[in-house]
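J.: This is the structure I have questions about; it appears just below.
The values are calculated or read from the model by the stated rules, or taken from the named source; none is laboratory data. Treat the numbers as computed from the prediction; the structure is a model and nothing was measured. Here Cβ is always computed from backbone atoms with ideal geometry, including for glycine, and neighbour counts include all displayed protein chains. Heads up: the accessible areas ignore ligands, DNA and RNA and are worked out on the full protein's heavy atoms, side chains in. Shrake-Rupley method; radii C 1.70, N 1.55, O 1.52, S 1.80 Å.
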Amino acid sequence: MNTSHIIFPPLIFSNDNLIGEKVEKATRRLKDLKGIFHDEEAFSSMPEDILAYEVSSFSPEKEGTPGGLCFGITYLYSGKVGDEYFITKGHFHAQVGRAEFYWGIKGEGILIMMDKSRKVWAERMFPGSLHYIPGGIAHRVANTGNQLLSFGACWPFDAGHNYEEIAVNGFGKRLLDRNGTPNLI
Ligand code: PAN
Ligand code: ZN
């Protein structure tokens, strides 16, 4: 048998690690999340270099290629700013019709979603949980546990990310710790 056409894949996803030459890593520290948390006093009393989350992603095609897919793993650290859990910035996709899958890998958290009318709902995330985020729905994740939360994501290449709207108006509800229990308020 001629094995010359059998190659190693460009990507290995092992445990919660994404390994490959084309994997890119983005880092978000508290200072990158200014204006996201409601307790500004608690925010400014914390070291701004604290790691909030990292994203390892793999984009097999050129940005914007219609029909292409992206794959990413987010590592969201455990922590709180006042009574608010560490969260990702959150975004709508720039192309409104673009959906996405998330799935829980490690730790526990909550996926918060919001539609255009600012109606908010949420789903628990845990190892093995699978979440479909329809097009036109803003999404962000909170780590509600005391260990790292890692989750996978797969989204269309041409989705694009609209952070602006969330940066300006936030979500309609926040996930706050009330006596040790997460509450959407
Ligand atoms: C995810 C997110 C990732 C980080 O890959 O980009 O969890 O969250 P923010 O992008 O809101 O900072 C995704 O939803 N991609 O579309
Ligand atoms: Zn997204």
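J.: What number, in percent, do you get for the relative contact order of the chain if the mean sequence gap of Cα pairs under 8 Å and at least 6 apart is divided by its residue count?
T.: Details: 421 pairs, mean separation 43.0, N = 185.
For the chain, the relative contact order is 23 percent.
J.: Another question about this same structure. Loop only per DSSP, at most 11 neighbouring Cβ atoms within 10 Å: give me the trypsin sites (Lys or Arg not before Pro) in the stretch 114-174, ordered by residue number.
T.: Numbers: sites: K116, R118, K119, R124, R140, K173, R174; in loops: K116, R118, K119, K173, R174.
Hits after loop and neighbour filter: K116, K119.
J.: Hey, got a sec? Which chymotrypsin sites (Phe, Trp or Tyr not before Pro) in the stretch 70-108 land in a DSSP loop and have at most 16 other Cβ atoms within 10 Å?
T.: Values: sites: F71, Y75, Y77, Y85, F86, F92, F101, Y102, W103; in loops: Y77, F86.
Of the chymotrypsin sites (Phe, Trp or Tyr not before Pro), the ones in loops of the stretch 70-108 whose Cβ has at most 16 other Cβ atoms within 10 Å are Y77.
J.: Okay, moving on. Rounded if a/c is under 1.5, else prolate if a/b beats b/c, else oblate: with a ≥ b ≥ c from the C-alpha gyration tensor eigenvalues square-rooted, which is the stretch 108-183?
T.: On the way: a/c = 2.00, a/b = 1.24, b/c = 1.61.
Because a/c hits 1.5 or more and a/b fails to exceed b/c, the stretch 108-183 counts as oblate.
J.: For the stretch 95-168 and the stretch 28-80, what is the centre-to-centre distance using only Cα atoms, to the nearest Å?
T.: A separation of 12 Å, based on Cα centres.
J.: Do the sum for the chain: with -39,500 (n - 2.57) for every DSSP H run of n ≥ 4, divided by all residues, what is the mean residue ellipticity at 222 nm, to the nearest 500 deg cm²/dmol? Please list the in-between numbers first.
T.: On the way: 2 runs with 11 residues, N = 185.
After summing the helix terms and dividing by the residues of the chain, the value is -1500 deg cm²/dmol.
J.: Still on this structure, please answer the following. Could I get the Rg over Rh figure for the chain? Both from C-alpha atoms, Rh via Kirkwood, rounded to two places. Kindly include the intermediate steps, with their values, before the conclusion.
T.: Values: Rg = 17.3 Å, Rh = 17.3 Å.
Looking at the chain, the ratio lands at 1.00.
J.: If you build a Gaussian network model of the chain, linking Cα atoms that sit under 10 Å apart, which residue out of G136, G90, G79 swings the most?
T.: For the chain, modelled as a Gaussian network with Cα springs under 10 Å, the answer is G136.
J.: Hand me the GluC sites (Glu not before Pro) from the stretch 56-124 located in a DSSP loop with no more than 12 other Cβ atoms within 10 Å, in residue order please. It would help to have the intermediate numbers written out before the result.
T.: Values: sites: E61, E63, E84, E100, E108, E123; in loops: E61, E63, E108.
Those satisfying the criteria are E63.
J.: How much accessible area per residue does the stretch 12-184 have, counting only protein heavy atoms and a probe of 1.4 Å, in square angstrom?
T.: Counting only protein heavy atoms, the per-residue value for the stretch 12-184 is 50 Å².
J.: For the stretch 112-156, what Kirkwood radius comes out of the mean inverse Cα-Cα distance, in Å? All intermediate terms of the calculation are to be shown ahead of the outcome.
T.: Details: mean 1/r = 0.0839 Å⁻¹.
Mean inverse Cα-Cα distance, inverted, gives 11.9 Å.
J.: Averaging sequence separations of C-alpha pairs under 8 Å and six or more residues apart, then dividing by the length of the stretch 6-65, give the relative contact order as a whole percent.
T.: Values: 53 pairs, mean separation 23.0, N = 60.
Answer for the stretch 6-65 is 38 percent.
J.: When the chain is treated as a GNM, springs tying every alpha-carbon pair under 10 Å, which of S78, S44, S14 comes out with the largest mean-square fluctuation?
T.: For the chain, modelled as a Gaussian network with Cα springs under 10 Å, the answer is S14.
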